[in-house]
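All remarks here apply to the structure that follows.
The values are calculated or read from the model by the stated rules, or taken from the named source; none is laboratory data. What you see is a predicted model, and the numbers here were worked out from it, not measured in a lab. Cβ sites come from the backbone with ideal geometry, for glycine too, and all protein chains shown count toward neighbours.
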Amino acid sequence: MIGYVTLGVTNMERAKAFYSDLLADLGASVLIDMDRIAFIGAGMDSPMLAVCVPYDEDAPHPGNGNMVAINPGSKEMVDTLYHKAIALGASCDGEPGQRIPDMFYGAYVRDADGNKIAFYQFG
């Protein structure tokens, strides 16, 4: 149902490097790279993450309550992606852990532009 989610960024090269490296273990890479927007994903027929300089060229502003959530398929991959994001320069917004007993395991980071990303596993 979701085709892609867009995150506003201030530095395209930094954002492309961060997200393509972070999501490489999930089979993702930069699929489309245009001047002010790039699409990162595992394939054109799968959901993608786009990073872009806002159209009006004003500074991007992460919204309060906005978040991109990525399900990597296991609690171990939640931990792996969280630690990889931190190593790539993201900041912690919630260490990996069980949030709802026997239901939701998650970890949260913010990229260099303040965009919030969750890695999660149900069950």
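Observations, loosely collected:
- Of residues in segment 30-46 being closer than 16 Å to E13 by Cβ and of a type in the set (A, V, I, L, M), the one nearest to the chain's Cα centre (by Cα): I40
- Residue in segment 40-79 that is modelled with the lowest pLDDT, counting only those that are of a type in the set (V, I, T) and in contact with a Ser or Thr (Cβ under 9 Å, 6 or more places away or on another chain): V53
- No other residue among T10, T6, T80 is more than 19 Å from G114 (Cβ to Cβ), surrounded by fewer than 17 Cβ atoms within 10 Å (Cβ to Cβ) and of a type in the set (V, I, T) apart from T80.
- Hey, L88 closer than 19 Å to F119 by Cα and without any contact (Cβ under 8 Å) to a residue 60 or more places away in the chain or not: no
- Any hit, segment 16-26, residues being modelled with pLDDT under 95 and of a type in the set (A, V, I, L, M, F, W, C): no
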